[in-house]
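K.L.:
Mind looking over this structure? Questions follow.
The values are calculated or read from the model by the stated rules, or taken from the named source; none is laboratory data. These numbers come from a predicted model, not from an experiment. Ideal geometry is used to build each Cβ from the backbone, glycine not excepted, and the neighbour counts take in all protein chains shown. For the accessible areas, the whole protein counts, side chains as well, though only heavy atoms, and no ligand, DNA or RNA atoms are used. Shrake-Rupley method; radii C 1.70, N 1.55, O 1.52, S 1.80 Å.
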Amino acid sequence: MVFILSVQLSRPVCVDVPSDTEAVIGTQMRLTCISCMKREEVKARTLVNWFYISDSGDMTHIYKYENTKETDLDGPFKGRLAWNGSKDLQDLSIVILNVTLNDSGLYQCEVSREFDFRFFTPTFFIRKNITLTVKEKASEDTTAIYSEIMMYVLLVFLTFWLLVEMVYCYRKISKSDDQVPLLESPMPTPV
């Protein structure tokens, strides 16, 4: 009988996660833009453009990434943007350094890919919007507060339960010792 064992090498997985939407003045903020390529083995030319859209609707081109060439464009973000994407160009994120109150607004990530199949070059385009709110100080995370309270309640409950179990076991052992009489058996006589 022959068994054939097939082993497949693990392949990287691309997961599209939403960007954070709140930043604090003076910190850095990562604007997440993920565009998963379905076929990693196919070469593709990738162009990424980032835009800032003001409340009045004015669109400003703030950052460009084209085939490993990063361009921090002139404007209100000049010198405060940095590429934070991955080498395989699945993650096409940027970071805003030293966030200001004026950075609140709508950001747009546009990804254009041109795939290279010898005689055919299909293109793929995706646009993602991120609404960023900048605050003077970080918001209270109520989830963390509730989690901490629940942890202490659970700790007190488990400690009390352990104490009750210890008393119960002690009583049970004590009763069993009381019920077993000591049997004195005569010593056998040597023959």
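K.L.:
Can you name the residue in the stretch 97-121 that is at pLDDT 90 or above and within 24 Å of residue 36 (Cα to Cα) and is also surrounded by the fewest Cβ atoms within 10 Å (Cβ to Cβ) among such residues?
P.N.:
This residue is 106.
K.L.:
Moving on. Check the stretch 138-148 and report whether any residue there is assigned to a helix (DSSP H, G or I) and either at pLDDT 90 or above or small (Gly, Ala, Ser) (or both).
P.N.:
Yes, the stretch 138-148 has at least one match.
K.L.:
Return a yes/no flag: does the stretch 45-68 have any residue that is at pLDDT below 85, among the basic types (Lys, Arg) and open to solvent by 30 Å² or more (accessible area, probe 1.4 Å).
P.N.:
No, that holds for no residue.
K.L.:
Next question. Please work out which one of (1) within 26 Å of residue 24 (Cα to Cα); (2) free of Cβ contacts under 8 Å to residues at least 40 places away in the same chain; (3) touching a Phe, Trp or Tyr at 6+ places or on another chain (Cβ under 9 Å); (4) of a type outside the set (Phe, Trp, Tyr) is the condition residue 123 fails and give its number.
P.N.:
(1)
K.L.:
Follow-up. Only residues in the stretch 132-156 that are under 30 Å from residue 52 (Cβ atoms) count as the first member; pair them with residues that are part of a loop (DSSP other than H, G, I, E, B) and at pLDDT below 80, Cβ under 9 angstrom, at least 6 apart or cross-chain, and list the lot.
P.N.:
If the second residue must be part of a loop (DSSP other than H, G, I, E, B) and at pLDDT below 80, the pairs left are 132/19; 132/20; 132/21; 133/21.
K.L.:
Kindly indicate which of 104, 147, 93 is in contact with a Lys or Arg (Cβ under 6 Å, 6 or more places away or on another chain) and among the small types (Gly, Ala, Ser).
P.N.:
Answer to the check: 93.
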